[in-house]
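For reference, the structure is listed below as structure tokens.
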């Protein structure tokens, strides 16, 4: 085990109907005015918005509203939220939606307490150390944003998709009611599964040291995702499977998998963020294209770990067989595995490589993310 | 997944030499005066005490001292600590030791902020809602006390070993340096392994509903404990194994295993606490006697789960074979499996049953902990 610090103050309220208590949870922290942020009008049609509003009113909490957050959330919407938060003097921001809504909320909450441009946080020009209080009601399980302090936002002017995180941007309370996640399409369920896989495999296959305890911990997340995704594709109303899927998503990126691990990276996220910034492809769909292609590049560096993965997760017996099994599983659940299937023109590869090399330089990671590495991954994804 | 709330604000500082930073960690919380609590003089001989004192002084923190906490910590020592804390006006209590020291510290921290008798918390006459700030440096991995809010203390007058926990009794920072745990005897390592097993198996074999994700999570803890214990019995200086063992101990009782589980109980702890209160047997040694005896009683209620355990943890293929494998493993690592091996007179069984029935009544659990159940478990332990 390598040295680590673990601290995660987010309170999770998991279960049926817990969104009805959101006003109570918020009032426990002395908050009396919030900004509600959401995505499409679906939450107005299905009654969730009314439930939230009623709970806030019952607890004497006033609110402002900002809808229209899209997946691959954009910076202009974040600016809008920051303006409302500052002008109206809200004390907290409440996300009602999936990871994109919550990521926007984290940026709004930090931006409302910052006098500069919020994009400074994403480009390492400033570090966020205070935020409005953050609450969330999750309608999609995938990103793990509900129990971590990170946010990913796309600057649509520059087509850059970057992330930031500070000590103040953990949600204070996140509500996870699997029933609210039961109407997600099969397509998005598959993308979500691919997202959870990528969070797990980025760590599993990049760490220069991975304690066996953590390897087993991650494998348990992966086998849970495989089992529950397959149940949900047949029976979308299966509450138990929906619940385990949601909790596996949370556990995959609440940094419990980081404990004792050395030098883990986010290689596939690094590459995918440029795809979704450029083509607005669903993040999970981008990841199912990049992950196997990256694994083919990375396997030479950690042959034993690739064999272990093959054995433990897919019950096959070689590194290559493990990658093939993952590719087949992605195809089975219906998420793309090639650039073509993701409608990404192969002739754009040189442009994508150039964009990634610029980001790599900003991160000070040019030695890791070389032209050879990036182009090999793209070629593997053809 | 059943409904749950998860909230655990303890910050873990894990790794080599982290105890040297304890003064810095404490000062981050604005604390300027602490009570150091420890067990035997071992920490004075091996230099740990001096390291702690230096770190406190370097950070301008003054301190009082209370040594002499024994395993199966006693109430009289807690009273002593509360008195010092109140008279000297300390703001925090720092445990330097194992679970017994930290449990005493939790009781001291809560008792110092309470005007009645601290034993009221253990007998459900009062609920602790404020405490002095709690810090810990762990020299033994077993109880998981470093990342939960519970404390177990023995009232040596009444020979009752009870527990309490409140929202204020989570450690604020716990330091886990596996190197500090490397000098534990082989005997106590085995008892510690048995304690972690009991925390895991109490949940695994009592829950009326256990999500498959959590089953896998617990099995990963158990197989980690088996693997690392066997390494450490041969090579006590193996840092990686020591580290994984320590982290598995923490994870087994930081309530992550409780998420989504229904009706889990602490049956073996309920029974064992009376043994260690009565005979001052090491808690882990008492547990390795009680656990298999209780499993033999419990297996009829959850036959499929016992078969799963047998398969996943010991790679054998029936409930009985799983229990046998556990018994053999306990013998192999050198922890007792019968009352006789634990020097507990079999003729005391009727007296022990009567004591347990009194506790069961206090807990309102007479229907669960019947005379038939308790006597069957003791008879299975002959």
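What the table below lists for this structure:
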| read-out | value |
| --- | --- |
| Using a 7 Å Cα-to-Cβ projection, residue A:300 label spacings across copies, nm, ascending | 6.3 |
| Chain A: most fluctuating residue of A:185, A:158, A:169 per GNM, C-alpha cutoff 10 Å | A:158 |
| Helix axis angle, B:267-279 relative to chain B longest principal axis, alpha carbon, degrees | 70 |
| Rounded tilt (10° steps) of B:212-234 against the dominant C-alpha axis of chain B | 70 |
| The protein assembly as shown - share of DSSP beta bridges that are antiparallel (%, nearest 5) | 30 |
| Per-residue Cβ neighbour rank within 10 angstrom, fewest leading, B:69, B:337 | B:337, B:69 |
| Test item: B:220-227 mean partner chain Cβ contacts at 10 Å | 3 |
| Antiparallel bridges, percent of DSSP beta bridges restricted to chain B (to nearest 5) | 20 |
| Förster radius 25 Å - calculated FRET efficiency between residue A:235 and residue A:42 (Cβ-Cβ, nearest 0.05) | 0.70 |
| Label-point gap, in nm, between residue A:209 and residue A:130 - each point 7 angstrom along Cα→Cβ | 3.9 |
| Chain B: most fluctuating residue of B:264, B:46, B:177 per GNM, C-alpha cutoff 10 Å | B:46 |
| Cα-only Debye scattering, the stretch A:185-380: base-10 log of I(q)/I(0) at q = 0.09, 0.12, 0.13 Å⁻¹ | -0.31, -0.57, -0.67 |
| Cα principal axis extents for the stretch B:197-251, largest first, Å | 40, 16, 15 |
| Ascending list, in nanometres, of distances separating the residue B:76 label from those of the other copies (7 Å, Cα toward Cβ) | 7.6 |
| Coordinate range along principal axes, alpha carbons of the protein assembly as shown, Å, largest first | 83, 57, 51 |
| Point-to-point label distance, residue B:28-residue A:86, nm (Cα→Cβ direction, 7 Å offset) | 3.1 |
| Shape metrics for the stretch A:11-180, restricted to C-alpha atoms - Rg then Dmax, Å | 14.5, 43 |
| Over the stretch A:279-319 - Rg/Rh using Cα atoms and the Kirkwood inverse-distance radius | 1.10 |
| Relative contact order computed over the stretch B:185-380 (Cα-Cα under 8 Å; 6+ residues apart), in percent | 25 |
| Mean-position separation - Cα centroids, the stretch B:227-258 and the stretch B:66-121, in angstrom | 27 |
| Folded to 0 to 90 degrees: helix A:371-380 orientation relative to chain A principal axis, Cα | 90 |
| Chain B: most fluctuating residue of B:277, B:365, B:248 per GNM, C-alpha cutoff 10 Å | B:365 |
| Structure-based [θ]222 nm, chain B - -39500 (n - 2.57) summed over DSSP H runs of at least 4, per residue, nearest 500 | -15500 deg cm²/dmol |
| Residues B:270, B:258, A:197, sorted so that the one with the fewest Cβ neighbours within 10 Å comes first | B:258, B:270, A:197 |
| Label 7 Å beyond Cα on the Cβ vector: residue B:30 copy-to-copy distances, nm | 1.1 |
| Rounded to whole Å, sorted largest first: equivalent-ellipsoid semi-axes of chain A, Cα gyration tensor | 33, 24, 19 |
| Label point distance in nm, residue A:347-residue A:311, each placed 7 Å from Cα along Cα→Cβ | 4.8 |
| Likely footprinting exposure, A:195, B:267, A:41, fewest C-beta neighbours within 10 Å first | A:41, B:267, A:195 |
| Percent of Cα-Cα distances greater than 17 Å, calculated over the stretch A:1-47 | 59 |
| Separation of alpha-carbon centers, the stretch A:33-61 and the stretch A:179-212, rounded to whole Å | 28 |
| Full-stretch length increase - residue A:163, residue A:54 - with 0.36 nm per residue and alpha-carbon distance subtracted | 35.9 nm |
| The stretch A:266-306 residues near the modelled residue A:379 label - backbone nitrogen below 12 Å, point 7 Å along Cα→Cβ | A:297 |
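Rule-based calculations on the coordinates, nothing more; no lab input. Just so we're clear, the structure is a prediction, and the values are computed from it rather than from any experiment. Cβ coordinates were reconstructed from backbone atoms using ideal geometry, including for glycine residues, and neighbour counts include every protein chain displayed.
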